[in-house]
Structures are given as structure tokens and as C-alpha cells.
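So the structure is just underneath, and the comments pick up after that.
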Amino acid sequence: MPQTTPALNGLEQFDGQLLDGLDFCIRAYAMLDELAGSSGGIEELRLLTTLRSKRLIEEILPIAVYVQFHHNLGLRLRVRWLSGNQPYDAILLCSGGFVEHGSVPREQFLEVTTAVHPKHYLVREKVAKDGFAFGPDDIHRDRKTGQIISNAVVKEGTEAQFELAEIIVARIIDKKSKHYPLETSLIVQCEAMLALPNEWADIVDSVRSRISGHPFREIFMYNGLNARTAVL
């Protein structure tokens, strides 16, 4: 599918370009490193102050994680990310033994969403300004001073895991209500907590028990803080 609109400024190397999957990943991580190493780059990435940083963090990097997870000896992937308003974020063209034997379709679509606490943007801003912040459960902006006040909150048992599961389920339910092409996979980026293997398993089990059915080819969940992944 050729690009029919001008490429997004700063993301021309991705927008509308059909790229080998691993090349897509290399370019995504290289751009992240380049931005992080530039003047003001860390703040741009934390606060998502530009459209290029927002799309890089919220779409391109999650797609790169998905591609790395699935690309293997029997499945080779090519990716075309699009910045437009089409009902998906990327087209995936597949080849290899899995495709030849009919277990994977030649063309797929990818949609990306982020499961994050609604006040997580304040945590990002607090970290960018002061270098630290507690979690999003007790954080607010003082109306008089404009300062962000962040307080520690103690969680008991599996409380934190199930709160994150609720956020993930809400994002999936929202996406379920929309219309997507056949063979669309949903990528859920979970930005909330560091999770030990058993904690991540609790989160995944909780989400799986709440999502009885969905229109997607698969739901790919991952926590970028410590590289936890799961497929529903």
C-alpha cells in the first residue's frame, strides 16, 4: 500500500515504508538512542512533547517488540507503519514455512494501545522535572503553585497486579468495540509496574479470565519495564 499522505515529520524512514521486520526494529531502537542522546531528548521522550516521540513510544517501539517476538526461522516479517487515520497502525506481510503450511496468513494488521494509569502523565512530568516520583495512585498538581505532589502508597498482596489487570482489560474492551480488518492483532503496551514472573503471571491470568472473546487474531501483551510478554 503506497503512502498517500505526506510522511510524518521526523518519522519519514518509517511512515509508509515497507521494511524488513528486523530492519524496522534496528531503526526503531537507533532512533530511540539518537533522541535520548540529543539535547532535550530525554525530556521529549518522557513528556511526549512532539508527535514523533509520541508515535515512536506509543506505536513504533511496541510494534518492534511484537516483531522480535514473532520473527523466527519459520516466519519472516515485513512491516509498513502508517501515520494516517486508517483502522490499524501497521500492515504486516508474512513469509516462510508457517505461511506456506497455512498456519499464518500472508497479510496481517497491527493495532497498538497503551494500558496506563490515567495520572501516569503526571509521574512522567514529575520525573522529568525533579528526577523522581512515586506511583500514580496518589499524585496531583497543586492548583495554587502548579507543583506536582507525589506521595507513596503501600500496596498489599496482589493488589497492584490486579489494578494493572483492570486497566489492561479496560483498554481491550474499548478496542473490542471498534471495527478492524480481519487478521488484526492487538498489541497492549503495559506501562505501570516492574513485575516479577509470578506477578506477571497473575496479571495475565486475571486479564485472560475477564476477556472471554475478542475479534482479534491475537492479543499481545508486554511490559517494557522488564520485558514480560504474553499472548492471548
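Scanning region 170-187 for residues that are in contact (Cβ under 8 Å) with a residue 40 or more places away in the chain and of a type in the set (A, V, I, L, M, F, W, C) yields ALA170, ILE172, LEU186, ILE187. Given the condition of a type in the set (A, V, I, L, M), modelled with pLDDT of 85 or more and closer than 30 Å to VAL79 by Cα, answer yes or no: does some residue in region 114-137 qualify? Yes, because at least one residue in region 114-137 is of a type in the set (A, V, I, L, M), modelled with pLDDT of 85 or more and closer than 30 Å to VAL79 by Cα. Is at least one residue of region 28-45 modelled with pLDDT of 95 or more, open to solvent by less than 20 Å² (accessible area, probe 1.4 Å) and within 14 Å of the chain's Cα centre (by Cα)? Yes; the residues of region 28-45 include at least one that is modelled with pLDDT of 95 or more, open to solvent by less than 20 Å² (accessible area, probe 1.4 Å) and within 14 Å of the chain's Cα centre (by Cα). Scanning region 205-232 for residues that are surrounded by fewer than 16 Cβ atoms within 10 Å (Cβ to Cβ) and assigned to a helix (DSSP H, G or I) yields ASP205, ARG208, SER209, ARG210. If you go through region 136-169 and keep only what is loosely packed, with under 12 Cβ neighbours inside 10 Å and touching a residue at least 12 places away in the same chain (Cβ under 8 Å), you end up with ASN151, ALA152.
Just so you know, in region 73-100 the residues that are among the hydroxyl-bearing types (Ser, Thr, Tyr) and open to solvent by less than 50 Å² (accessible area, probe 1.4 Å) include one that is farthest from ALA7 (Cα to Cα), and it is TYR88. Looking across region 176-195 at every residue that is at pLDDT 95 or above and either open to solvent by less than 10 Å² (accessible area, probe 1.4 Å) or assigned to a helix (DSSP H, G or I) (or both), the one that is farthest from VAL112 (Cα to Cα) is identified as THR184. Inside region 121-135, residues that are open to solvent by 70 Å² or more (accessible area, probe 1.4 Å) and either under 8 Å from SER150 (Cα atoms) or small (Gly, Ala, Ser) (or both) make up a count of 1.
Residues in region 170-193 that are small (Gly, Ala, Ser) and over 23 Å from ALA160 (Cα atoms): SER177, SER185.
So, in region 78-103, of the ones that are farther than 28 Å from ILE57 by Cβ and touching a residue at least 12 places away in the same chain (Cβ under 8 Å), which residue ends up farthest from the chain's Cα centre (by Cα)? My answer is GLY97.
The values are calculated or read from the model by the stated rules, or taken from the named source; none is laboratory data. These numbers come from a predicted model, not from an experiment. Virtual Cβ from ideal backbone geometry, glycine too; neighbours counted across all protein chains shown. For accessibility, only protein heavy atoms count, side chains too; no ligands or nucleic acids. Shrake-Rupley method; radii C 1.70, N 1.55, O 1.52, S 1.80 Å.
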